[in-house]
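The values are calculated or read from the model by the stated rules, or taken from the named source; none is laboratory data. Every value quoted in this text rests on a predicted model; they were computed, and no experiment measured them. Cβ coordinates were reconstructed from backbone atoms using ideal geometry, including for glycine residues, and neighbour counts include every protein chain displayed. In case anyone asks, the SASA skips ligands and DNA or RNA and just uses the protein heavy atoms, side chains included. Shrake-Rupley method; radii C 1.70, N 1.55, O 1.52, S 1.80 Å.
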Amino acid sequence: MPLAGSFINGTNETENFAFNIFSLPGGNNSILKVTATDGFNTQIIYSEQFSIPDRNPEVFIELLSNTSIFSTEDFIVIRGF
């Protein structure tokens, strides 16, 4: 579910953006904070509250190849994220 919006850049042209909210954890009281700066001036705005449905975590195991073969006596260290 992308969240879309627009803003006016420094040359008064409207620019659009999209953000995939499914990359965020689920929650009923979610708020986006947007910070914009030109290096001197800074503006911060907050979105209205919105809900993101809960979802199951995604698990990844790193550093094992698809062709790895191990025996029952092997000690294997895996790293997940």
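When both residues are 6+ apart or on different chains and their Cβ atoms are under 8 Å apart, which pairs have a first residue that lies in region 56-76 and is at positive phi, and a second that is open to solvent by 100 Å² or more (accessible area, probe 1.4 Å)?
Pairs that qualify, where the first residue is at positive phi and the partner is open to solvent by 100 Å² or more (accessible area, probe 1.4 Å), are L63/R79.
Could you count how many residues in region 32-47 are part of a loop (DSSP other than H, G, I, E, B), surrounded by fewer than 10 Cβ atoms within 10 Å (Cβ to Cβ) and in contact (Cβ under 8 Å) with a residue 12 or more places away in the chain?
Adding up the residues that qualify gives 1.
Looking only at residues in region 57-69 that are over 26 Å from the mean Cα position of the chain (by Cα) and open to solvent by less than 100 Å² (accessible area, probe 1.4 Å), which one is modelled with the lowest pLDDT?
Per the criteria, the residue is S65.
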